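Notes to accompany the following structure.
Taken together, the values in this text are just the output of simple stated rules run on the coordinates, not laboratory data. What you are looking at is a predicted structure, and each value in this text was computed from that prediction instead of being measured. Every residue, glycine as well, gets a Cβ built from its backbone with ideal geometry; the counts of neighbours run over all protein chains shown.
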Amino acid sequence: MPEEPRTPSDPSGPSGPPASRRDPFAWLDEARASRERAGLVRTLRHRSADSGLLDLAGNDYLGLTRHPEVTAAAADAARLWGAGSTGSRLVTGSTALHAELEDELALFCGFEAALVVSSGYAANLAALTALTGRGSLVVSDAGNHASLIDGCRLSRAETAVVPHAAPEAVAKALDGHDGRALAVTDSVFSVDGDAAPLRALYEVCRGQGAALLVDDAHGLGVVGGAGRGAVHDAGLSGTASTVATVTLSKALGSQGGAILGPARVIAHLVDTARTVIFDTGLAPSAAGAALAALRLLRREPDRAARVRRAAALLHDGLTAAGLYAARPDAAVVSVRAPSPDAAVRWAADCRAAGLQVGCFRPPSVPDGISRLRLTARADLGDAQLAAATSTIVRTAPAGAIV
Ligand code: PMP
C-alpha cells in the first residue's frame, strides 16, 4: 500500500516513532503548561465535614442541606427504595416519591406539570433539545449559564446570542422568523446575581409567537414572597408559552433538577428528551430530601425573605467600605477584584481568616472581570454576616476599593 505523504514536522514521519508507540495524550502536557502560564490551573479541594469555615461559597441558600428533616428524608428514602433509582425514568427509575415531588413542585411554582431529572444541567439540556431543533430559532442571553449554552449547541437549532438583559435585542432577533422560536434566559444570572427582565421578555415572545424558557435555578426558594421563584413572581408560571427549569441542588439543599410547564410540554419531554430517556432517574434519597426541603419551605416561607435580607446586608456593608458590588436581586453577591491573581489571593486570604468565598475569573467570566462570589444564606445571623463583611474588607487587595 502506498505511504501517505508526510510533512517534515510530522512526528509520525520516517524519523518519528511508529504510530503504535505514539502517546495520544502528549498534547495534554503543553495544554497544562499553557494553563499554568495563564494562571488557570484549578484544584479540587476536598472539604471536611466540619471545617469550621463560614461558608459563603456553596449554594445552600436556605440552610437546608443539613436540616434534620431533610437528611432524615434522604435516609428514609434510601432505606425504602435503595441507594440508586436503578434505571431510566422510563424503565425502573420512577418511584412514588418522584411523582409526589413533581406534583408538589408544580403546585408550589404555579405550573401545570413538572418532570424531575438527575440535575439542573440535564433539565436544561432536556428542555432545549426537545423543544427546539433544526429549523427553529433560539434567542439566548449572552450571560446565560453554561448548561443553557450547551443545550443550544446540542439542539442543532440556529442560535442567536443577544446582549445581556435586553428585551429589545430579543425582539430584533425574533423579528421576521416564521418557524418555531424560543427565547432562553437565566432568571437570576449566576455570576453577578442580577435579575432578567422576565415580564418584558414574555411580552416580546408573546408578540412574536415564541416560547420563553427560563432557568430559575437561583430563583427557586429565594425570589418572591414565599420563594416560589422568579417566574412565579413575574406572574408567568401558568402561561401557555412559558417553561421553567430549576435545580434541586441550591435552595432545596439536595441534588437533581426539574422542568416545569404546561402538561403537553412535559408529556413531550417524557417521550423525546434524551436526558430523560437515557439518563438514570434521580436517586430516591435526593428526591426525598428535595421533597422534605420543599415542604419545609412551604411551612417556613420567611426563609426566602431571610436570604434576600442577608444578601442585602452583605452588599450594603461591602459597598459602604468602598468595594464594588452590584445590588443583589437574589442570594448572589458579586464583588469586583482588580485582577484574576488578586481575586485568587483575596479568596485564599479570606479562607485563611476562616471564611470560604467563591472566586470567578476568566474564562468562567467572559467579560474579563474577576470577582469574589458570595452566596448569602437564610440561616446566618447578623453577627456572622458582619464578621464575613469585615473579613472581606480587611483582606481586600489594593485596587479593589473604588
Ligand atoms: N443553571 C444555573 C443558572 C446554575 O447556576 C446551575 C448550577 N451551577 C445549573 C443550571 C446546573 O444545575 P445543577 O448543578 O443541578 O446541574
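Please list, in chain and number order, the residues 5+ apart from Ser136 or on another chain whose amide H is under 5 Å from its amide H, with Hs placed from the backbone.
Here the answer is Glu158, since their amide H atoms fall under 5 Å of that of Ser136.
Using the basic label-point model (7 angstrom from Cα toward the beta carbon), what is the Arg327 to Ala31 distance in nanometres?
Spacing of the two 7 Å Cα→Cβ label points: 4.4 nm.
Taking the Cα centre of segment 301-394 as origin and charging only Cβ (+1 Lys, Arg; -1 Asp, Glu), how large is the dipole, in debye to the nearest 20? Walk me through the numbers on the way to the answer.
Details: 13 positive and 8 negative charges, 16 e Å.
Computed charge dipole of segment 301-394: roughly 80 debye.
May I ask for the net charge around Thr132, where only other residues with Cβ less than 12 Å from the Cβ of Thr132 are counted and Lys, Arg are +1 while Asp, Glu are -1?
Summing Lys and Arg as +1 and Asp and Glu as -1 gives +3.
Which is the longest run of the chain containing none of the chymotrypsin sites (Phe, Trp or Tyr not before Pro) found in DSSP loop states (not H, G, I, E, B) with at most 16 other C-beta atoms within 10 Å?
Here the longest run is 26-277.
How big is the dipole moment of the chain about its Cα centre under a simple scheme where the beta carbon of each Lys and Arg is +1, that of each Asp and Glu is -1, and everything else is neutral? Debye, nearest 20, please.
On the way: 39 positive and 41 negative charges, 125 e Å.
In total the dipole reaches around 600 debye.
Once every DSSP H run of n ≥ 4 in the chain is given -39500 (n - 2.57) and the sum is divided by its residues, what mean residue ellipticity at 222 nm do you get, rounded to the nearest 500 deg cm²/dmol?
-12000 deg cm²/dmol
Looking at the chain, identify the longest residue range that excludes and avoids all trypsin sites (Lys or Arg not before Pro) in DSSP loops having at most 16 other Cβ atoms within 10 Å. Mind showing how you got there, number by number?
On the way: sites that count: Arg6, Arg22, Arg42, Arg45, Arg47, Arg66, Arg134, Arg156, Arg180.
My reading of the result: 181-402 is the longest stretch.
What does the net charge come to around Cys109 if you take all other residues with beta carbon closer than 12 Å to its beta carbon, with K and R at +1 and D and E at -1?
Net of charged neighbours comes to -4.
In debye, nearest 20: dipole of segment 68-299 around its Cα centre with unit charges on the Cβ of K, R (+) and D, E (-)?
320
Step through the residues of segment 79-84 one at a time and calculate ³J(HN,Hα) from phi using the Karplus curve (6.51 cos²θ - 1.76 cosθ + 1.60, θ = phi - 60°), rounding each to whole Hz and writing x for Gly and Pro.
Once rounded to whole Hz, the list reads 5, 6, 10, x, 6, x.
Say the dipole of the chain comes from +1 at the beta carbon of Lys and Arg and -1 at that of Asp and Glu; which of Val188, Leu282, Pro68 then lies farthest toward its positive end?
So the residue furthest toward the plus end is Pro68.
Want the number for Arg295 to Ser48: 0.36 nm per residue separation, take away the alpha-carbon distance, what's left?
Details: separation 247, 0.36 × 247 = 88.92 nm, distance 2.86 nm.
86.1 nm is the gain from fully extending Arg295 to Ser48.
Across segment 99-108, in residue order, what do the Karplus-derived ³J(HN,Hα) couplings come to in whole Hz, using 6.51 cos²θ - 1.76 cosθ + 1.60 with θ = phi - 60° and x for Gly and Pro?
So the J values, rounded to whole Hz, are 5, 5, 4, 4, 4, 6, 5, 4, 4, 4.
Let's test the formula: R0 of 25 Å, r as the Cβ-Cβ distance of Asp55 and Ala142. What FRET efficiency results, to the nearest 0.05?
FRET efficiency, Asp55 to Ala142: 0.25.
I'd like the distance between the alpha-carbon centres of segment 260-320 and segment 131-202, rounded to an integer number of Å.
The distance from the Cα centre of segment 260-320 to that of segment 131-202 comes to 21 Å.
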